[in-house]
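Note sheet for the following structure.
Throughout, read-outs are computed from the coordinates displayed, never taken from laboratory work. These figures come from a predicted structure and were not determined experimentally. Backbone-built Cβ (ideal geometry, glycine too); neighbour counts: all protein chains shown.
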Amino acid sequence: MICETEQVIICSGLQDSLAIIMPVLRSDHSLLAVEEPGHFIPRSVFQNHSFAITPVPVCTDGLDLKALWSSKSTVVYVTPSHQFPLGHIMPVANRLKLIDWAESVGGVIIEDDYDSELRYQGSPIPALQGLHPEANIVYIGTFSKVLSPALRVSYMVLPKRMLDRYRNLFNESASSASLLEQRVLAKFMVRGHWERHLRKMRTVYKKKHEVLVQAVNRHFGDQAVIIGQGAGLHVVLELLNSVFSEEELIKQALAKNIRLFPLSKTYISHTESDTRQKLIMLGFGGINTTKIDHGIQLLHQIWYK
Ligand SMILES: Cc1ncc(COP(=O)(O)O)c(C=O)c1O
């Protein structure tokens, strides 16, 4: 990231960040592209601010750039470091093409870098904002993944070109993030605890991730494919030869006390009978490492009995 402190806005989570940007963008833009599948909270914020949203498919290189061009949108919301929910990473070449798109159409990129601190394989890829600090890129980060989602502290880096409009609209607004917690967090960083905590959590989650991947390979073998591994706090499991629908899979897991998030919620378009029905999201952030293997074994037993 390359920015000045005046560009950094502290917010109380993704929804808050987006709600602040919407009026800043609304006078020049009305069509907004979102990833399909993608996070559902942003979509609802965009719609509440009267943006027309177009779902743009995601491929293994992240957002499909050709489809973005044909969407005619001039704002795009993306998760290039670890696409939510599928976990794909957008290569640098595509990042540069995405920035070219924004420059060519006078567009704005909303870059949600929600779990970029948690990368377990390969070298880090620069954020879009870092690749072109002068471009129209709104960068959004959060403390929810590495510290706690209960804290409700996030941040956003606005492009310099947007600052005047932001100030005109929000000069009289108060911060929605608790000042007390901001002060504590600042001290936590100044005293070096943040760096240490980050390194520690990276090791903790890397271990959980490894245990989860090994457990899936051990119990599911060639009955499932893991999608989006190597980063973050979740992976997606594609179940091969499964006879159940997503709803049934989740219901059966719940009966054994395993709560699973319905991945279908991340799609705008609806369909009953494709591989989407066989995709299951496995979050491992909050689970004790020692319980992961048993949980996966249990899932295999109930789905392939
Ligand atoms: C795609 C995505 N972005 C951002 C966040 C973080 O949101 P917040 O900062 O509101 O906790 C999440 C949390 O799960 C997420 O899935």
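Tabulated data
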read-out: Dimensionless Rg ratio for region 117-162, taking C-alpha atoms and the 2.2 N^0.38 Å reference; value: 1.37
read-out: Cα-Cα over 22 Å, subset of Lys251/Lys278; Lys207/Lys265; Lys206/Lys278; value: Lys207/Lys265; Lys206/Lys278
read-out: Reciprocal mean inverse distance between Cα atoms of region 195-303 - Kirkwood radius, Å; value: 14.6 Å
read-out: Residues with amide H under 5 Å from that of His234, placed H, sequence gap 5 or more; value: Phe284
read-out: Residue-averaged 222 nm ellipticity for the chain, from DSSP H runs of 4+ at -39500 (n - 2.57), nearest 500; value: -12000 deg cm²/dmol
read-out: Cβ-based exposure ranking for Thr266, Thr289, Thr5, Thr79, in which fewest neighbours within 10 Å come first; value: Thr5, Thr289, Thr266, Thr79
read-out: Under-5 Å amide H pairs with Val56, H placed in peptide plane, nonlocal only; value: Val34, Glu35, Glu36
read-out: Size of electric dipole in region 195-303: Cβ of Lys, Arg +1 and of Asp, Glu -1, about Cα centre, debye, nearest 20; value: 740 debye
read-out: Gap separating the Cα centres of region 244-290 and region 177-224, nearest whole Å; value: 22 Å
read-out: Positive minus negative residues near Asp293 (Lys, Arg vs Asp, Glu; Cβ under 13 Å); value: +3
read-out: Net charge dipole size for region 5-190 [Lys, Arg +1 and Asp, Glu -1 on Cβ; Debye, nearest 20]; value: 180 debye
read-out: The chain: angle of helix 289-303 to the longest principal axis, Cα-based, in degrees nearest 10; value: 60 degrees
read-out: Estimated inter-spin distance, Glu103 and Gln301, nm [label 7 Å along Cα→Cβ]; value: 5.8 nm
read-out: Potential extension, Glu172-Lys160 segment - 0.36 nm per residue separation minus Cα distance; value: 2.4 nm
read-out: Potential extension, Leu147-Leu198 segment - 0.36 nm per residue separation minus Cα distance; value: 17.5 nm
read-out: Local net charge near Leu254, Cβ-Cβ under 15 Å (Lys/Arg +1, Asp/Glu -1); value: 0
read-out: Cβ charges +1 (Lys, Arg) and -1 (Asp, Glu), total dipole of region 83-223, debye; value: 700 debye
read-out: Shape metrics for region 5-190, restricted to C-alpha atoms - Rg then Dmax, Å; value: 15.8, 47
read-out: Charge context of Asn217, other residues only, Cβ under 12 angstrom, K/R +1, D/E -1; value: -2
read-out: Likely footprinting exposure, Asp113, Asp28, Asp61, fewest C-beta neighbours within 10 Å first; value: Asp28, Asp61, Asp113
read-out: By average C-beta atoms within 10 angstrom, highest first, the peptides 210-221, 176-187; value: 210-221, 176-187
read-out: Length released on extending from Leu96 to Gln223, taking residue separation times 0.36 nm less the Cα-Cα span; value: 42.0 nm
